[in-house]
Structures are given as C-alpha cells and as structure tokens.
Amino acid sequence: MGALRTPREKWVEAGLRALAEGGVEAVRVEALAKALGVTKGGFYGYFADRGALLTEMLDAWERESIDDVLERIEQEGTDPRDLDELARQFTFSLDHLIPIDLAVRDWARRDQAVAERLRRVDNRRMQLLRDAISTFCSDPDEVEARSLLAICAAIGSHFLAADHPGRTRAEVIAHAGVILSRPPGDAGR
C-alpha cells in the first residue's frame, strides 16, 4: 500500500492561507509543501503547475464567496427584504474570507484575469444587493446608489483606520446597514 497523498483541497487551502498572509507572491509550491509537512512531489500529482493551483484557489474563493453564501441564504430562508442580513452574509460574513478577498483585490491590480474574476464576483454581490433593495425602493438610481454604498462599506471598512467615538466599528457598520435598508422617506429608527 502506497503512502497517503495530501488531498488536493489541502493544497488549495494552504494556497489560500498563503495568499491571505503574504499575497500571491507567497503562494510557492515549496513553501506550501513545507507548511503541509509533505514533499512538493505530491503537488504535481494534482496540478500541472503553480498557475493551475492559482486558478483552483480563485475557483474555491469564488465558490465560497458567492455560491456557498447563496445556498446558505436559500437554506436559511432569509427574507430578501432583510438587507442587513443579506449584506452581512454576502459581503464577508466569514472572517477567514476577508483577508483572502483583500489579497485577491490587491492581486487583481496586477493581473487582468484576476481583475475579471473579481469583477464577476463583485457584480454578483451587487446584483443580490440590488434585488434586496428593490423590494422596498423603486427608484433604479437609488437602488444602485444604496447597493454601491452597502458593498463599499463592507469592503472599505477593512481599509479604514478611523476611530468611532463611543462606538465600535461593528456597531457603526450595522447602523449603516439599517440606514441603507430603510425605505425612502422612512424616518423611523
């Protein structure tokens, strides 16, 4: 009986961890093998080269960022009018995805194919927000603006270093979600 091979998914997970920690330059076969405690020879049983691993990493990121979230929303029966919950789930609800998403955004600045992948993911996120906001807002310009603000708050909050006197960042983001999910003209809190 031969030695057990490290599963393909473990290489992808290790690659995503390296991406999150050090950017795409940190995704090196030898370093991943060392992190996994295996030889790099097993890598080539699954992947033709580093590029193939990078593609599978992006596939895994996209699947977890979009498809898995949509499936979870459907299974939980989330009300499409519950914009705050939809935005929370759809825009970085899983803490481990935040550094990966930010690393993909950085990588996309230097790689057109990654930029196209990121555009596809963000377009799908935006469409979910549009769909949710459209349940209480009929003005297409306002729907688009609210969707943009919601996704910018979710992404931008990870880059902002400002303090929020008397409040936590999470409280301010949650309140912004309430404001964005309030029907036009609704002055209630």
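No lab work stands behind these numbers, since they all come straight from the coordinates. Everything quoted here is computed from the prediction, not taken from an experiment. Methodologically, a virtual Cβ is constructed for each residue, glycine included, from the backbone with ideal geometry; neighbour enumeration extends over all protein chains shown.
Once the Cα atoms of helix 112-133 and of the chain are each reduced to a long axis, what angle between those two axes, in degrees from 0 to 90 to the nearest 10, is obtained?
With both axes taken from Cα atoms, the answer is about 30 degrees.
Relative to the compact-globule scaling 2.2 N^0.38 Å, provide the ratio for the alpha-carbon radius of gyration of region 29-77. Show your work: numbers first, answer last.
Values: Rg = 15.1 Å, N = 49, 2.2 N^0.38 = 9.7 Å.
Relative to the rule-of-thumb radius for its length, region 29-77 sits at 1.56.
Label Ala26 and Thr55 with points 7 Å out from Cα along Cα→Cβ: what is the distance between them in nm?
2.5
Please find, in a Gaussian network model of the chain (springs between Cα atoms separated by less than 10 Å), the residue of Leu160, Leu148, Leu102 whose mean-square fluctuation is greatest.
Among Leu160, Leu148, Leu102, the largest mean-square fluctuation in the Gaussian network model of the chain belongs to Leu160.
For Leu160 and Arg63, compute 0.36 nm times the residue count separating them, minus their Cα-Cα distance, and round to one decimal in nm.
Residue separation times 0.36 nm, minus the Cα-Cα distance, leaves 32.2 nm.
Return the loop-located chymotrypsin sites (Phe, Trp or Tyr not before Pro) in region 92-176 (DSSP other than H, G, I, E, B) with at most 16 other Cβ atoms within 10 Å of their own Cβ; answer none if there are none. All intermediate terms of the calculation are to be shown ahead of the outcome.
Numbers: sites: Phe92, Trp107, Phe136, Phe159; in loops: Phe92, Phe136, Phe159.
Within region 92-176, the qualifying chymotrypsin sites (Phe, Trp or Tyr not before Pro) (loop, at most 16 other Cβ atoms within 10 Å) are Phe136, Phe159.
If you average 1/r over every pair of different alpha-carbon atoms in region 8-180 and take one over that average, what Kirkwood value in Å do you get?
Taking the inverse mean of 1/r over all distinct Cα pairs, region 8-180 comes out at 17.6 Å.
At 7 Å along the Cα-to-beta-carbon direction for both Glu144 and Asn123, put a label point, then send me their distance in nm to one decimal.
Between Glu144 and Asn123, the simple spin-label model gives 1.5 nm.
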